[in-house]
1. Can you work out the FRET efficiency for the pair residue B:74 and residue A:83, with r the C-beta to C-beta distance and R0 = 30 Å, to the nearest 0.05?
2. Among B:56-64, A:88-96, B:80-88, how do they line up from the highest to the lowest mean number of other beta-carbon atoms within 10 Å?
3. Going by C-beta contacts inside 10 Å, put A:17, A:52 in order with the fewest on the left.
4. Within a 10 angstrom radius of the beta carbon, how do A:64, B:106 rank from fewest other beta carbons to most?
5. Over its Cα atoms, what ratio of radius of gyration to 2.2 N^0.38 Å does the protein assembly as shown give?
6. State the three equivalent ellipsoid semi-axes of chain A, derived from the C-alpha gyration tensor as the square roots of 5 times its eigenvalues, in descending order and whole Å.
7. Please check: in the Gaussian network model of chain B (C-alpha springs, under 10 Å), which one of B:35, B:18, B:90 has the largest mean-square fluctuation.
8. So how many Å³ per residue does the convex hull of the Cα atoms of region B:14-96 work out to?
């Protein structure tokens, strides 16, 4: 079974600064997807960024980028120019790419990000 | 609306009672997932529907939990003889049909409190 570990229960960053959230995972599969989701107080999970394991290039979405280290099974999220609206819980998640239709996600325990004005 | 809708938003019930939680997926989405998020934890998979059938119910914790999706659209998660340990946020997600990667869209969840 796959596992996802987030070792930082809480992080804080000054507004406009950069912060990195850590995630490690364990799997025996070679083809999979990794995700970062944001969960604000509204509870709705919002997809921030996705990485396909077969792609060596790190994914980037505007101020959000990842550092994907496949051999080390590490997947960190970097948020640049942090904004007050970035404050939320952030979850790292794993999904197999070989289940053909069953796209269930395995989540970590989350990191609560606080933005300091 | 255009998103995944879950009702009720909050539900308080007494220990031992029966509850139903509803999920209305995005129109046209064939896959539907239920997750349970306990306090301080990430969501945990419960069950996956492809159309009307439960294709994977390996995450249901015990036989008090049951889910249906009779017409391949709306799904209902049913919990019998509720226990205080069932208190959690229950999230629903749906995704469209397609080959390769398809994105899952989440609702805002139902917060269930068993007193």
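The numbers here are math on the coordinates, done by the rules we state, and not lab data. Given the structure is predicted, the values throughout are model-derived calculations rather than measurements. When we count neighbours, we look across all protein chains shown, and the Cβ atoms used for this are built from the backbone with ideal geometry, even at glycine.
1. Working: r = 37 Å, r/R0 = 1.22.
Calculated value: 0.25.
2. On the way: B:56-64: 13.1, A:88-96: 22.2, B:80-88: 14.7.
Result, highest mean Cβ count within 10 Å first: A:88-96, B:80-88, B:56-64.
3. Working: A:17 13, A:52 16.
Going from sparsest to densest Cβ surroundings: A:17, A:52.
4. Details: A:64 16, B:106 23.
In order of increasing Cβ crowding within 10 Å: A:64, B:106.
5. On the way: Rg = 17.7 Å, N = 232, 2.2 N^0.38 = 17.4 Å.
Ratio of Rg to 2.2 N^0.38 Å for the protein assembly as shown: 1.02.
6. Values: eigenvalues 118, 42, 31 Å².
The equivalent ellipsoid of chain A has semi-axes of 24, 15, 12 Å.
7. Per the Cα network of chain B with a 10 Å cutoff, B:18 tops the list.
8. Values: hull volume 7.0 nm³, N = 83.
Cα-based convex hull of region B:14-96, divided per residue, equals 85 Å³.
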